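**Student:** Here it is, the structure in full.
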Amino acid sequence: MPMDSLPRVTVAIRNAAPFALPSVLTEAQSFLFDLGFDSLAMARLGLTLEEEFGFPVLLDSWLSSQPDPSLLTVGSLCVFVESRLNVDERVAS
């Protein structure tokens, strides 16, 4: 699946990060283990995604969809955001 949202999701991740992140973010990086996100940073991420995409991005279903926290990756977030974009586009038409 193409990651069309990756550049915009990366902007939101950088804006929500509690500290400096690696210069390159990859789809495989885990928010918890690789990027050091905690619950407060995840809450900020939801807000920064909303600012970036222009609609509410409620992360609770994404967070609860993964049985292992290591699976909460940049790539899985992109897939989730793209699915929300598709829903938003269907509702608007």
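The values are calculated or read from the model by the stated rules, or taken from the named source; none is laboratory data. Here the structure is a predicted model, which is why all the values come from computation and not from measurement. FYI the Cβ positions are ideal-geometry reconstructions off the backbone, even for glycines, and counts take in every protein chain you see. Remember, those area values only see protein heavy atoms, side chains included, never the ligands or the DNA or RNA. Shrake-Rupley method; radii C 1.70, N 1.55, O 1.52, S 1.80 Å.
**Student:** With labels modelled as points extended 7 Å from the Cα through the Cβ direction, what inter-label distance (nm, one decimal) is found for Ser61 paired with Val79?
**Tutor:** The answer from the label model is 1.5 nm.
**Student:** Any chance you could give the angle, 0 to 90 degrees and rounded to 10, that helix 6-16 forms with the longest Cα principal axis of the chain?
**Tutor:** Between the helix axis and the principal axis of the chain, the angle is about 60 degrees.
**Student:** How far is helix 39-53 tilted off the main Cα axis of the chain, in degrees rounded to 10, range 0 to 90?
**Tutor:** Between the helix axis and the principal axis of the chain, the angle is about 40 degrees.
**Student:** Work out the length of the dipole vector of the chain about its Cα centre, built from +1 on the beta-carbon of each Lys and Arg and -1 on the beta-carbon of each Asp and Glu, and round it to the nearest 20 debye.
**Tutor:** Values: 5 positive and 12 negative charges, 19 e Å.
Value, rounded to 20: 100 debye.
**Student:** List the relative contact order of the chain as a percent without decimals, with contacts defined as Cα pairs under 8 Å and 6+ residues apart. Don't skip to the end; give the middle numbers.
**Tutor:** Details: 85 pairs, mean separation 35.4, N = 93.
Relative contact order here is 38 percent.
**Student:** Tilt of helix 74-92 relative to the longest C-alpha principal axis of the chain, in degrees (0 to 90, nearest 10)?
**Tutor:** Tilt relative to the chain: about 20 degrees.
**Student:** Per DSSP helix of 4 or more residues, -39500 (n - 2.57); summed, then divided by the residues of the chain. What does that give at 222 nm, rounded to the nearest 500? Numbers along the way, then the final one.
**Tutor:** On the way: 4 runs with 51 residues, N = 93.
Counting only the DSSP helices, I get -17500 deg cm²/dmol.
**Student:** On average, how much accessible surface per residue is there in the chain, in Å², for a 1.4 Å probe, leaving out ligands, DNA and RNA? Display every interim value, and only then the final one.
**Tutor:** On the way: 5300 Å² over 93 residues.
Normalised by residue count, the accessible surface of the chain is 57 Å².
**Student:** Here is a follow-up. Please report, as a whole percent, how much of the solvent-accessible surface of the chain comes from carbon and sulfur atoms (probe radius 1.4 Å).
**Tutor:** On the way: 3130 of 5300 Å².
On the chain, the fraction of accessible area on carbon and sulfur atoms equals 59 percent.
**Student:** Considering the Cα trace of the chain, what is its radius of gyration and what is Dmax, both in angstroms?
**Tutor:** When restricted to Cα atoms, the chain yields Rg and Dmax of 12.5, 39 Å.
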